[in-house]
Amino acid sequence: MARGLSKEEATSVIIRGFLNVDITGLPDALARETKKMFDMSLEKVM
């Protein structure tokens, strides 16, 4: 939050730092869908 982020944004950045959803070798379309689902799940938690 000291960098000007809201509490929710700061929490999201921290969580993303620990959770890496990039899976080597996934087709681009599947990787996009995986990231989309991950982002949606984070929104529901916040």
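For the range 1-17, the tally of residues that are surrounded by 10 or more Cβ atoms within 10 Å (Cβ to Cβ) and within 9 Å of the chain's Cα centre (by Cα) stands at 4.
Considered as a group, the residues in the range 18-46 that are of a type in the set (K, R) and at pLDDT 85 or above include one that is nearest to the chain's Cα centre (by Cα), and that residue is K36. Considering the range 1-30, the residues that are part of a loop (DSSP other than H, G, I, E, B) and β-branched (V, I, T) include one that is nearest to S41 (Cα to Cα), namely V21.
The values are calculated or read from the model by the stated rules, or taken from the named source; none is laboratory data. This one's a predicted model, so the numbers in the text were calculated from it and none came from an experiment. Here the Cβ is made from the backbone with ideal geometry for all residues, glycine too, and neighbour counts use every protein chain on show.
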